[in-house]
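Down below is the structure, laid out as structure tokens.
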Amino acid sequence: MRKLKLWIIPAVFFLVCCALNLAGCLTDGSLEKTVKPALMPLLCVTTMACLLGSGAVPGKKAAFLLAAQLFGFAGDTMLMGKGFAFFAGGIGFFLVGHIFYMCLFGGISWKGLRPWQWIAGIAGAIAAAAVLALMIGVNGVMLAPMGIYALALMMLIFSGLCGVLRIGGATWWIIFCGALLFTFSDSLIAVRHFGTLSPFMDGFGVMSTYLLAQSLLAIGGVRLCKKD
């Protein structure tokens, strides 16, 4: 008899909640708000079940991964509110989450980088962050904090790109694609706050790319943790 993989149970609940959340984005939004707080906790439980089920001993890598997901939950919850304080709080929580992701992914892919590679990577990330912030239309007092947040996203992409180029393998492509999708989703949120979006991209576009991004980062993170 095949052993039951316990991670499948929370994974099914997570996928069902994802479907309900996206369906809510296309209706009046009440269903989306009801289901949204359960998404990241379910992904956390699925992640932990995957690690424990594989026999991997949760260590520093797993702690970074779970912390990033929990701060994603805090960011989701804050962004459900309306007003500048909720927006700033949500972005702040996500920023901390990105730092934990960078500690996990960059802590591996950045090992052994030469000085010129660091300079090129950071310079490219700063330039890309500045262009992104300006394209979205950020201005005034929010230009600096949003620029810092955009820089964190670019460094997350840089960590995934380094993994693809220096280590290779499907795991790093999964992480890299997750970082790109996270940046796209957050860009839509910023445009929603500072500009205008169509109703489709405002809700469904943000959440579909966000959920896929978090799922890919979780899969990539679990695969890295299993290699310990």
>> Which numbered condition in (1) at pLDDT below 90; (2) more than 17 Å from TRP110 (Cα to Cα); (3) assigned to a helix (DSSP H, G or I); (4) not small (Gly, Ala, Ser) is the only one that CYS225 fails?
In response: (2)
> What number goes with the only condition from (1) assigned to a loop (DSSP other than H, G, I, E, B); (2) modelled with pLDDT of 90 or more; (3) crowded, with 16+ Cβ neighbours inside 10 Å that LYS111 does not pass?
Replying inline: (3)
> Given the conditions (1) at pLDDT below 90; (2) under 17 Å from VAL191 (Cα atoms); (3) part of a helix (DSSP H, G or I), which single one is not true for VAL138?
Replying inline: (3)
>> Taking the condition of being part of a helix (DSSP H, G or I), over 14 Å from the mean Cα position of the chain (by Cα) and under 23 Å from LEU6 (Cα atoms), how many residues in region 49-94 meet it?
In response: 9
> ALA88 versus (1) touching a residue at least 40 places away in the same chain (Cβ under 8 Å); (2) under 22 Å from GLY203 (Cβ atoms); (3) crowded, with 17+ Cβ neighbours inside 10 Å: which is the lone unmet condition?
Replying inline: (3)
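Report yes if THR46 is closer than 23 Å to LEU224 by Cβ, modelled with pLDDT of 80 or more, among the β-branched types (Val, Ile, Thr) and assigned to a helix (DSSP H, G or I), otherwise no.
Yes.
The values are calculated or read from the model by the stated rules, or taken from the named source; none is laboratory data. Values in this document were obtained by computation on a predicted structure and should not be read as measured data. As a convention, Cβ positions derive from the backbone with ideal geometry for all residues, glycine included, and neighbour counts pool all protein chains shown.
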